[in-house]
Amino acid sequence: MGSVQRAMRLLESVAEHEHGAPAKQLARETGLALPTAYHLLRTLVHEGYLRRDKGLFFLGEAAERLSSSGAEQKRRSTVVEALAHWRDLIGVPVYYAQYRNGEIEVLCVSDSPGNPAVEEWADFRETGHAHAIGQCLLAQLDDEARRDHLDRYPVQSITPYTVRDGHSLLRRLERTARMEPVTERQEYALGTVCAAIPITLGNAAATMAISLPAHQAGRLLAATQQLQEEIGRLMGTLAISISI
């Protein structure tokens, strides 16, 4: 355990020197005997946590991977906490999704026993035409990308309320303003209404969405507006985090 602690102190010390640092300086900063510092530094270089260049030590690829992984986990945690906060505040399940590599990906869902999320009874990726999340993401794409998606995943009726054909869906999407929320009522799941809010992530298409039982459809507009306001308040904080 002592060796691990000393090695961690050396890593922390190296991380503070953007332009690298020699062994003697690192030993002095960490309070280690020079032979001990040399031994640990050589081990860390061998394992890829440090690299040595012209007598100076820098963070290696292994340490950078750890840093990147930690940052990604922190971003994901930020999103999870935000969704949970909105779930409790508004009293609805909250979803976060992106359109990535030609696919609809629901990346995070926050629900509760009293407000359960919609059951994915038909593959979300294949039925983007039917649910608010998919419609919102498709509305943000250019015409070519939108048609490509529908060529791969043709429109099909999965409830009596689902849009009937691709042409009708394209006309609906073309009429949707870029930052306008998208709502659907029982098009994906009977007994459920949903709304999705477009999120600007550079050129990426993303959305935050909510769902409600159909008998609470009267709450949908107000709940959507409340979520929009909450997103607006936190958008600066979430701008990087929602790139998970």
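The values are calculated or read from the model by the stated rules, or taken from the named source; none is laboratory data. Please read these numbers as outputs of a predicted model, since none were measured by experiment. Don't worry about glycine lacking a Cβ; one is built from the backbone with ideal geometry, like all the others, and counts go over all protein chains shown. Side chains included, ligands, DNA and RNA excluded: accessible areas come from the protein's heavy atoms. Shrake-Rupley method; radii C 1.70, N 1.55, O 1.52, S 1.80 Å.
Among I197, I210, I90, which one moves the most in a GNM of the chain with springs linking Cα atoms closer than 10 Å?
It is I90.
Quick check on region 42-158: take the gyration tensor over C-alpha atoms, sort the square-rooted eigenvalues as a ≥ b ≥ c, and tell me if it's rounded (a/c under 1.5), prolate or oblate.
Values: a/c = 3.69, a/b = 1.83, b/c = 2.01.
The shape class here is oblate.
Note down the relative contact order for the chain as a percent, whole number, built from C-alpha pairs under 8 angstrom at least six residues apart.
Rounded, it is 16 percent for the chain.
Run the 1.4 Å probe and let me know the accessible area of H85, rounded to the nearest 10 Å².
Counting only protein heavy atoms, H85 exposes about 90 Å² to solvent.
Between D143 and L34, what is 0.36 nm times their sequence separation minus the Cα-Cα distance? Round to one decimal in nm. Could the numbers behind the result be given before it?
Values: separation 109, 0.36 × 109 = 39.24 nm, distance 6.43 nm.
So the extension gain works out to 32.8 nm.
When Lys and Arg each count +1 and Asp and Glu each count -1, what net charge do the other residues less than 12 Å away from G20, Cβ to Cβ, add up to? Provide the component values of the computation, followed by the final result.
Details: positive: R51, R52, K54; negative: E16, E18, D53.
Taking every other residue near G20 into account, the sum is 0.
Got a sec? What order do M179, M208 fall in by accessible area at 1.4 Å, biggest, i.e. largest, first? Walk me through the intermediate numbers first.
Details: M179 95, M208 5 Å².
The most accessible residue leads, giving M179, M208.
Which cross-chain or sequence-distant (5 or more) residues have an amide H under 5 Å from the amide H of C108, H modelled 1.01 Å from N in plane?
Residues meeting the amide H criterion: Y96.
For Rg and Dmax of the Cα atoms in Å, pick the label among [x] 17.5, 54; [y] 24.8, 76; [z] 16.9, 48 that corresponds to the value derived from the coordinates.
Calculated Rg and Dmax of the Cα atoms in Å: the matching label is [y].
Give, as a single signed number, the net charge of other residues whose beta carbon lies under 12 Å from the beta carbon of R87, with Lys and Arg counted +1 and Asp and Glu -1.
Working: positive: none; negative: E81, D88, D111, E230.
Combined, the nearby Lys, Arg, Asp and Glu give -4.
What do you reckon, how do Y96, Y49, Y161 stack up by accessible area (1.4 Å probe), largest on top? Can you show the working numbers first?
Values: Y96 0, Y49 80, Y161 125 Å².
These residues rank, largest area first, as Y161, Y49, Y96.
Mean residue ellipticity at 222 nm from the helices of the chain, using -39,500 (n - 2.57) per DSSP H segment of n ≥ 4 over the full residue count, to the nearest 500 deg cm²/dmol?
Only helices count here, giving -14500 deg cm²/dmol.
For every other residue with a beta carbon closer than 15 angstrom to the beta carbon of P35, add +1 if it is Lys or Arg and -1 if Asp or Glu, then tell me the sum.
Net charge around P35: +4.
Pick out which of T36, T183, T78 has the largest mean-square fluctuation in a Gaussian network model of the chain, springs linking Cα atoms closer than 10 Å.
Residue with maximal mean-square fluctuation among T36, T183, T78: T36.
Using only the Cα atoms of region 107-202, build the gyration tensor, take square roots of its eigenvalues as a ≥ b ≥ c, and label the shape rounded, prolate or oblate: rounded if a/c is under 1.5, else prolate if a/b is larger than b/c, else oblate.
In terms of gyration-tensor shape, oblate.
Angle, helix 34-46 long axis vs. longest principal axis of the chain, Cα atoms, 0 to 90°, nearest 10?
For helix 34-46, the angle is close to 40 degrees.
Mind checking the per residue accessible area of the chain for me, 1.4 Å probe, whole number of Å²?
54
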